[in-house]
Amino acid sequence: MNDSGRIAILLYRLRFGGAERVMLSIAGELARRGYEVDLATFDAKGEFAEKVPENVRLYDIQSLGIIRAAHKISKYLAARSPSAIIANGDRCTLVSFLARKLCPHTRTRIIAVVHHDLTGALGLLGASARDKFLAWSKQFPMSRVYRQLDGIVAVSEGAAASVVNFLGIPRDMISVIYNPVLVDEIREKASHAVEHPWFANGAPPVIISCGRLVPQKDFETLLRAFALLRRETLSRLVILGEGPERKGLEALIRSLGIDDCAALFGFDENPYKYIAKANLFVLSSVFEGLPTVIIEAMALDIPVVSTDCPSGPAELLARHPERLVPMRDPEALAAAMKKGLEIGREQNDLSRFSAANCADGYIALMSRRR
């Protein structure tokens, strides 16, 4: 790194999402270690806008367009001279790359973070021929850009493999740094009371899931699996999160006849108080990177069942491969959920997901010479 001691983190938005939550944690940890941290975002509005740590400076680009954002970031680089910029996702990476080209005298290093399996994130899983063509059209420019960066971080081994396979990047250019989970903070928030009667003592067991209501999370399969489970097992399903698929999922709940035992609770800034009081956490995604919410459920001693999607769940549940099921398979998911409800609370070693380990990884990478 250069001598400024300043680090920039670039996010697209501050809306509810795993990458946003992770980067706010990293920003806070780096700031606690004495680094001057700037959090730049294309749009500072969103559920996490008020969660930016007090010791982190927020820089609102106020533009969703790539070219305009690149010009604004180039001016930021010239004015603030951060030693490194941590760019999250391909859009932020491209903007950072263009901004550095526009500011040729800067010594700022660019670290790209890949939060998802690229084949899933770019629409290659189950997509139409047109969508696949559009996704593959990104391959060459992305490969060219990523090869000129100072570092690439993948949040799981599976995500790293997708970078190698899709972009042809040598594996030794990629560092795997697991997302941090603030266990003490999560457990404190989990202790808060929940007034909803479904969580009362003696009530039927609750299955819970959490995430944006978007196709990636495939809550449709979860609802269909739960409808099958309810034929044999008295239980309830809670989905935390908000998103564009709400109306469609609400209609599916009604059509499946489970509106008395399945509900979309919406976004809550403290999902942990619900997760901690549930009996089982389920992830039904068709792709991930490293699903932090699984780690958070494990931190609260809640058993987890998940689709074996690329990538992340298989790494996190390596000790319990029987809890992984094929994607988009309601019957298999229902069977796994039934067994999951019999597990009970369990303790897990989460030391590898500490904020300290994560920060150590980023600091080492930013200090490395290519």
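A residue that is at positive phi and out of contact with any strand residue (DSSP E or B) (no Cβ under 7 Å at 6 or more places or on another chain) cannot be found anywhere in the stretch 278-290. Counted as qualifying within the stretch 51-130 are the helices (runs of 4 or more DSSP H) with 1 or more residues that are modelled with pLDDT of 90 or more and farther than 28 Å from VAL176 by Cβ, namely 66-80, 89-102.
This table checks each residue for (1) buried (at least 17 other Cβ atoms within 10 Å of the Cβ); (2) more than 16 Å from ILE111 (Cα to Cα); (3) in contact with a Gly (Cβ under 7 Å, 6 or more places away or on another chain).
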residue: GLY17; (1), (2), (3): yes, yes, no
residue: MET23; (1), (2), (3): yes, no, no
residue: VAL37; (1), (2), (3): yes, no, no
residue: ASP60; (1), (2), (3): no, yes, no
residue: ARG91; (1), (2), (3): no, no, no
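Among the candidates ILE152, ILE177, the residue that is under 13 Å from GLY361 (Cβ atoms), surrounded by 20 or more Cβ atoms within 10 Å (Cβ to Cβ) and free of Cβ contacts under 8 Å to residues at least 60 places away in the same chain is uniquely ILE152.
Can you name the residue in the stretch 245-275 that is of a type outside the set (S, T, N, Q), over 13 Å from GLY211 (Cβ atoms) and assigned to a loop (DSSP other than H, G, I, E, B) and is also modelled with the lowest pLDDT among such residues? Among those that are of a type outside the set (S, T, N, Q), over 13 Å from GLY211 (Cβ atoms) and assigned to a loop (DSSP other than H, G, I, E, B), it is GLU269.
Among residues of the stretch 276-322 being part of a helix (DSSP H, G or I) and aliphatic (A, V, I, L, M), the one that is nearest to the chain's Cα centre (by Cα) is VAL293.
For the structure I just gave you, tell me whether ALA356 is in a helix (DSSP H, G or I), among the aliphatic types (A, V, I, L, M) and in contact (Cβ under 8 Å) with a residue 24 or more places away in the chain. Yes; evaluated as a whole, the condition is true for this residue.
The set of residues from the stretch 73-87 being surrounded by fewer than 19 Cβ atoms within 10 Å (Cβ to Cβ) and in contact with a strand residue (DSSP E or B) (Cβ under 8 Å, 6 or more places away or on another chain) comprises ARG80, SER81. Only residues that are surrounded by fewer than 16 Cβ atoms within 10 Å (Cβ to Cβ) and at pLDDT below 70: list them for the stretch 133-149, please. LEU134 - this is the single residue of the stretch 133-149 that is surrounded by fewer than 16 Cβ atoms within 10 Å (Cβ to Cβ) and at pLDDT below 70.
Figure legend. Inter-residue proximity from the stretch 252-272: first residues closer than 16 Å to LEU222 by Cα, second residues polar (S, T, N, Q), beta-carbon distance below 9 Å, spacing 6+ or different chains. Indicated pairs: CYS261/SER235.
The combined condition, being at pLDDT below 95 and either part of a helix (DSSP H, G or I) or closer than 15 Å to LEU283 by Cα (or both), is not fulfilled by ARG328.
Taken together, GLU296, GLU315, GLU288 contain a single residue that is among the charged types (D, E, K, R), closer than 30 Å to ARG109 by Cβ and surrounded by 23 or more Cβ atoms within 10 Å (Cβ to Cβ), which is GLU288. Residues that are surrounded by 17 or more Cβ atoms within 10 Å (Cβ to Cβ) and either without any contact (Cβ under 8 Å) to a residue 60 or more places away in the chain or aliphatic (A, V, I, L, M) (or both) within the stretch 337-347 comprise MET337, LEU341, listed in sequence order.
The values are calculated or read from the model by the stated rules, or taken from the named source; none is laboratory data. Everything quoted here is computed from the prediction, not taken from an experiment. As a convention, Cβ positions derive from the backbone with ideal geometry for all residues, glycine included, and neighbour counts pool all protein chains shown.
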